[in-house]
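This report concerns only the one structure given below.
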Amino acid sequence: MTSFTVTTLDLEAGPVVEFAGELDSASAPRALQAVEAISPRPGQQVVLDLTGLHFCDSSGISALIAARNLAHSAEAGLALAGVPRHLARTLVLIGLDTFFTTYATAAQAQAAWPESPAGG
């Protein structure tokens with residue numbers, strides 16, 4: 001059994017969902033369920049904070065793609081924050097580095113969102 005935790009914070013610009021541990025075939029459904037549970041609203045930005053992620057396999061990447069698609073179908077944005085170096089490299093190698101908007105921190109992602117009062 002893999003170690004995986006999900007923490008959700010409801011902030012003004014939109015929810016921040018923190019993933020920590022191993023995002024793999026065992027935990028990917030739980031990760032996607034966490035994004036579905038927040039029910040993104042139009043104009044919000046969902047931030048997936050991956051700072052605590054130690055491992056991500058293809059199932060995890062598929063869950064990230066599905067989360068982005070879910071947010072976009074709800075007319076919300078989705079950004080990745082704190083992407084670990086190993087995952088950032090993988091996203092480049094498979095051509096998804098431009099598919100996701102990424103930020104160094106969740107706070108930077110929230111501040112950059114156009115709808116955010118702090119984001120301009």
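Quick note: the coordinates plus some simple rules give every number you see, no bench work behind them. All figures in this text were calculated on a predicted structure; none of them were measured in a lab. Please note: Cβ atoms are built from the backbone with ideal geometry, for glycine as well, and neighbour counts cover all protein chains shown.
Overview of values
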{"read-out": "Label-to-label distance, nm, for residues given as His54 and Ala26 (7 Å Cα→Cβ offset)", "value": "1.2"}
{"read-out": "C-alpha long axis of helix 28-38 to longest principal axis of the chain, angle in °", "value": "20"}
{"read-out": "Value of [θ]222 nm, deg cm²/dmol, for the chain, DSSP H segments ≥ 4, -39500 (n - 2.57) each, nearest 500", "value": "-11000 deg cm²/dmol"}
{"read-out": "Per-selection Rg to Rh, the chain - Cα, Kirkwood hydrodynamic radius", "value": "0.94"}
{"read-out": "Linear extension gain, Asp97 paired with Ser3, 0.36 nm per residue minus alpha-carbon span", "value": "31.3 nm"}
{"read-out": "Within the chain, percent of DSSP bridges classed antiparallel, to nearest 5", "value": "35"}
